[in-house]
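Inspection log for the structure reproduced underneath, given as structure tokens.
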Amino acid sequence: MKRKIFLWLPFVHLFALSSKGQILNIDKTDTSDYVRRAKIALNFSTGLEIDKQKTTLYDATNTAEVMWQQYKELFIVAASYRFTYNGPADILNAGYVHWRYRHNYKNKIQPEPFLQYQWDSERGIVYRTLAGANIRYNFWRGNRFNFNAGLGLMHETEKWNYNGVDSAKIPSNTKPVFRNLVKINSYLRFDWKPNSSNDVTFNIFFQTRPDRFKPRIAPHVQWDIKAGKHLAFSVSFTSLYDTAPVVPIEKFYYSLSNSIQLSF
């Protein structure tokens, strides 16, 4: 059993799972051959981010992930809890739990079912649950370059309040808003390793209702730089553009993170 533990220095943070953009970037690439021996990887992160939505926020996030790999099967379970500090006010209650399964994950075509539960009080998400499945297609898989895409359907249930809405835009009726929708879910992913010390990843996610073109678009860019056998430096940028927010929050949202990573 292979174990990896990531230790993070204070005031820095990076993990390829972002709860703040409503769309999670969860992806694992393994270019080695299938082996029947089971492998389990444990990942932990903690740190600080600076985000801009309605105001500038300072976020402390703790994230854990378990990845179980057995021959042609790959299971991923991830969870995160976020603490937000905004001046004298401490805003708690943000995070997610995500489950994903990939069968024959090295094949050109593979199924990718997933489940997710998510909340974010600062943006007004009381809860968001979804269940769905993608068909993932590997256009190219190599030691230095990977290009793949996914397309599928998901069912989304959301409950929103007006915590993240500017006071001038809050309507007279502030009852929570509920949504139950089926959506198209898709993504493109590029991973480029120019050498053994650098890894650049670009993802773009696209979600919309089949009966109405009002998409959520979420690009994500991440650059990992190895500084030694156990040390790496990372920079990531995540953004979201929602053409039709459930409540009148800002349509554009972004998060920028820097991190130092120790792995064993």
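Among the conditions (1) closer than 26 Å to Trp160 by Cβ; (2) of a type in the set (Asp, Glu); (3) in contact (Cβ under 8 Å) with a residue 12 or more places away in the chain, the only one that Asp211 does not satisfy is (3). Taken together, Ile225, Ile204 contain a single residue that is among the aliphatic types (A, V, I, L, M), at negative phi and at pLDDT 90 or above, which is Ile204. Considering region 165-178, the residues that are closer than 15 Å to Ala244 by Cα and surrounded by 12 or more Cβ atoms within 10 Å (Cβ to Cβ) include one that is modelled with the lowest pLDDT, namely Val165. Within region 167-190, residues that are on the phi < 0 side of the Ramachandran plot reach partners that are in a loop (DSSP other than H, G, I, E, B) and exposed (fewer than 13 other Cβ atoms within 10 Å of the Cβ) with beta carbons closer than 6 Å, at six or more positions or on different chains, in the pairs Ile184/Pro210. Residues of region 107-126 that are surrounded by fewer than 18 Cβ atoms within 10 Å (Cβ to Cβ) and modelled with pLDDT of 90 or more: Ile109, Pro111, Pro113, Leu115, Tyr117, Val126. Residue under question is Tyr101, and the condition is that it be surrounded by 16 or more Cβ atoms within 10 Å (Cβ to Cβ), at pLDDT 85 or above, assigned to a strand (DSSP E or B) and within 18 Å of the chain's Cα centre (by Cα); does it hold? It is true that Tyr101 is surrounded by 16 or more Cβ atoms within 10 Å (Cβ to Cβ), at pLDDT 85 or above, assigned to a strand (DSSP E or B) and within 18 Å of the chain's Cα centre (by Cα). Flag not set for Gln222, criterion: buried (at least 18 other Cβ atoms within 10 Å of the Cβ) and within 27 Å of Lys175 (Cα to Cα).
The values are calculated or read from the model by the stated rules, or taken from the named source; none is laboratory data. Predicted, not measured: the structure shown is a model, and the values here were computed from it. Don't worry about glycine lacking a Cβ; one is built from the backbone with ideal geometry, like all the others, and counts go over all protein chains shown.
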